[in-house]
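*Asks:* What follows is a single structure, and I will ask about it in a moment.
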Amino acid sequence: MPRKKLKETLMSLPSFVWLTAFFLLPFIIICVYAFKPADIYGTVLKGWTLSTLNSLGNVYFYKLLWRSLWMSIFSTLVCLVLAVPMGYQMATSSPKWRNLMLMFIIIPFWSSFLIRIFAWKTILHPEGLFHQACVFIGLISQSTPLLYTNFAVVIVMVYTFIPFALLPIYTSAVKFDFQLIEAAMDLGASRIRAITKVFIPGIKKGILTAALMVFIPAIGTYVIPDLVGGVNSDMIGNKIAQKTFAERNIPEASAISMILTLIILIPLGILVLYSRKGRNLEIRSRE
Amino acid sequence: MIRSRICLTITVLVFIFLYVPIILLMVNSFNDSKYATVWTGFTLKWYTALFSEPDLWEAFINSMIIGISSTVTSLIIGSLAAFTVFRYRSRLQSLHFGLIYAPLILPDILLGISLLMLFVVWNIKLGLFTIYIAHTTFCISYVTMLMISKLQHFDLTLVEAAHDLGAGTYQTFKKVVLPLITPGLIAAALLSFTLSIDDFVITFFVAGEGATTLPLYIYSMIKYGSTPVINALSTLILLATFLLVIVYHTFAEEER
């Protein structure tokens, strides 16, 4: 029916036009600018060049990429190690407790990101509670700095992004059939073995989604290294901001943004291929 | 028993990890001492000091203007998009869905920088208007996703029944569709309002020199002038957020 088609097109139009103009088009601009030359003041010139991308092939940039990667992967792993047992605990609790815990996971999700980072800045300070506690139990000496280090960046990333890991793992865990654990234990497996051999493979999809949900914002973070990181904690996001605001070099900022997009698209592609259903990623809609 | 003591311990520890920093910050906002480490007595002076903070009021008003305007726009565009994706399951709609979904996956910084480039290319002056455009863009995606999930419980035959009984498009919408989707709309409005009020990274890129929002203001306070006044401001914002979450959950519960 052509009339139905027309109605559908008209109804899709507002969001289609808006997102094309303010999401898709800006993205294309970035990809175009990455191949544009610039003069020493960062003004974009006519013509095409690969020199912007080539200029990123230096030791400093590789170091920055490597640091961004290991810090995000490490934070993702910590989040998973904490979120899997929590998912198990929540799924095996009574519905009343389960909902209460869910609510308490969602609250930090809604509250201001900056304020939560600021809260950590205070306790990581040499006089702060976290620093003092670490000194007290003998983990570090009073003079070991915690604030403005890579450690601070990782711990604040875990703190900020752990709800992203908890929600998909919880969603998979409640669907898991816990009689399988009982069966495994009846057959002689220890509880730990039952969890690692039965529960974890059973919620594999949730774990993979969780890993991506933490890794993507982590690799793209800008504020966390900026506020609690040291001179050697800069990540890709900081480089983009520096190129944009301090050096005003639009082609370089675009080229780095393009690299960041590629870093995200690779694991994302793997997950989509793995699950073959993009719609399973819907957890970020905060539901 | 399938219960595991290790899992319980980790759960308790994670909740402590999640809440201790926030609670400490709130407690410290009432601390008389300038330094967070010692408790020297109860005070409200940091709260009263908020009134004399320069430009805070302006930042707050700006945040409200942007929050409300982008919520309204994204609610209209987003719920229409959700309804369309839900109703027509065509190839066009899977493309449409992809376009709506993509901004949710990418890190904020990429949305921020790409929008900045767009505004520079189009020669649009950075300020409240560009922040409004940016916020509406990501709010549309969140609103649409939320409304799609709410529409899963929506019975389309009710619309057909209304039509069969002689109701026009407008009447059907007003008398049948709207009452059914109102709780979802309220939840979506609260979500996009909070997202807009809280957004820092994207705003930072598209704000330019002139316009300051609440998060931009807090950021410069954290970065350049660390006083307990931030604790007081943060506590107020956190309490407001908790209130919103409770309201949100009331509407989300009603749905079931």
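*Asks:* Please compute, for peptide A:171-178, the average count of beta-carbon atoms on other protein chains lying within 10 Å of each residue's beta-carbon.
*Replies:* 0
*Asks:* Counting each DSSP H run of 4 or more residues in chain A as -39500 (n - 2.57), what helix-only mean residue ellipticity at 222 nm follows after dividing by all residues, to the nearest 500 deg cm²/dmol?
*Replies:* -21500 deg cm²/dmol
*Asks:* With respect to the cross-link table entries B:K125/B:K223; A:K5/A:K205; A:K121/B:K150; A:K4/B:K150; A:K96/A:K204; A:K121/B:K45, which display a Cα-Cα separation exceeding 32 Å?
*Replies:* Those over the limit are A:K5/A:K205; A:K121/B:K150.
*Asks:* Projecting each Cα onto the charge dipole of the stretch B:55-255 (Lys/Arg +1, Asp/Glu -1 at the beta carbon, about the Cα centre), which of B:V247, B:V72, B:I222 comes out farthest on the positive side?
*Replies:* Projecting each Cα onto the dipole axis, the largest value belongs to B:V72.
*Asks:* Now for a different question. Kindly state, to the nearest 0.05, the FRET efficiency for A:Y60 paired with B:R3, given R0 = 41 Å and r defined as their beta-carbon distance.
*Replies:* 0.20
*Asks:* Taking only DSSP H segments of four or more residues, each worth -39500 (n - 2.57), what value at 222 nm results for chain B once the sum is divided by all its residues, to the nearest 500 deg cm²/dmol?
*Replies:* -25000 deg cm²/dmol
*Asks:* Could you state the principal axis extents of the C-alpha atoms in the stretch A:165-255, from the largest down, to the nearest angstrom?
*Replies:* 65, 23, 17
*Asks:* Here's another thing I want to ask about it. Please identify every one of the chymotrypsin sites (Phe, Trp or Tyr not before Pro) in the stretch A:22-72 that sits in a loop by DSSP and has no more than 14 other beta carbons within 10 Å of its own beta carbon.
*Replies:* Hits after loop and neighbour filter: A:Y41, A:W48.
*Asks:* Can you bin the stretch A:1-159 into rounded, prolate or oblate? Criterion: square roots of the alpha carbon gyration tensor eigenvalues sorted a ≥ b ≥ c, rounded for a/c under 1.5, prolate for a/b above b/c, oblate for the rest.
*Replies:* Judged from the Cα gyration tensor, the stretch A:1-159 comes out oblate (a/c at least 1.5, b/c at or above a/b).
*Asks:* Another one. Counting only Cα, what are the radius of gyration and maximum Cα-Cα distance Dmax of the stretch A:90-172, in Å?
*Replies:* 15.8, 47
*Asks:* Can you compute 3J(HN,Hα) from phi for each residue in the stretch B:205-222, using the Karplus curve 6.51 cos²θ - 1.76 cosθ + 1.60 with θ = phi - 60°, rounded to whole Hz and x for Gly and Pro?
*Replies:* Result, rounded to whole Hz: 6, 9, 7, x, 7, x, 8, 10, 10, 4, x, 5, 5, 4, 4, 5, 4, 5.
*Asks:* Restricting to DSSP loop positions (anything but H, G, I, E, B) with no more than 13 other Cβ atoms inside 10 Å of their own Cβ, which trypsin sites (Lys or Arg not before Pro) remain in the stretch B:1-41?
*Replies:* B:R3, B:K34
*Asks:* Which far-off residues, 5 or more places away or on another chain, put their amide H under 5 Å from the one on A:A38, with H placed in the peptide plane?
*Replies:* The answer is A:L45.
*Asks:* Residue by residue through the stretch A:171-178, which ³J(HN,Hα) values in whole Hz follow from phi under the Karplus form 6.51 cos²θ - 1.76 cosθ + 1.60 (θ = phi - 60°), with glycine and proline marked x?
*Replies:* In residue order, the calculated couplings are 4, 6, 5, 5, 7, 6, 8, 6 Hz.
*Asks:* Compare the peptides A:243-254, B:137-148 by average per-residue count of other Cβ atoms within 10 angstrom and give them in order, highest first.
*Replies:* In decreasing order of mean packing, A:243-254, B:137-148 become B:137-148, A:243-254.
*Asks:* Then there's this: Pick out, from A:M258, A:M90, A:I140, the residue whose Cα sits farthest towards the positive end of the charge dipole of the stretch A:59-285, with +1 on the Cβ of Lys and Arg and -1 on the Cβ of Asp and Glu.
*Replies:* Ranked along the dipole, the leading option is A:M90.
*Asks:* Here's something else I'd like to know. What ranking of A:F164, B:F204, B:F154 emerges when the number of other C-beta atoms within 10 Å of each C-beta is taken as an exposure proxy, fewest first?
*Replies:* B:F154, B:F204, A:F164
*Asks:* In a Debye calculation with equal point scatterers on the alpha-carbon sites of chain B and no solvent, what is log10 I(q)/I(0) at q = 0.08, 0.10, 0.11, 0.17 Å⁻¹?
*Replies:* Each listed q maps to, in turn, -0.45, -0.67, -0.79, -1.29.
*Asks:* May I pose another question? With a ≥ b ≥ c the root eigenvalues of the C-alpha gyration tensor of the stretch B:1-131, is it rounded (a/c under 1.5), prolate (a/b larger than b/c) or oblate?
*Replies:* Oblate, because a/c is 1.5 or more while a/b does not exceed b/c.
*Asks:* Another one. Could you give log10 I(q)/I(0) at q = 0.06, 0.08, 0.13 Å⁻¹ for the protein assembly as shown, computed by the Debye formula over C-alpha point scatterers of equal weight, without solvent?
*Replies:* One equal scatterer on each Cα of the protein assembly as shown leads to -0.32, -0.57, -1.48.
*Asks:* Rounded to whole Å and sorted largest first, what semi-axes of the equivalent ellipsoid does the C-alpha gyration tensor of the stretch B:14-75 yield via the square root of 5 times each eigenvalue?
*Replies:* Gyration-tensor ellipsoid for the stretch B:14-75: 31, 20, 7 Å.
*Asks:* With +1 assigned to the C-beta of every Lys and Arg and -1 to the C-beta of every Asp and Glu, and no other charges, what is the dipole magnitude of the stretch B:55-255 about the Cα centre in debye, to the nearest 20?
*Replies:* For the stretch B:55-255, the charge dipole is close to 420 debye.
*Asks:* Going by a ≥ b ≥ c, the root eigenvalues of the Cα gyration tensor, does chain A fall in the rounded group (a/c under 1.5), the prolate group (a/b larger than b/c) or the oblate group?
*Replies:* It comes out oblate by the Cα gyration axes.
Bear in mind these aren't lab numbers, they're just calculated from the coordinates by the rules spelled out. Keep in mind it's a predicted model, so treat the numbers as computed, not measured. All Cβ positions, even for glycine, are placed from backbone atoms using ideal geometry, and neighbour counts span all protein chains on display.
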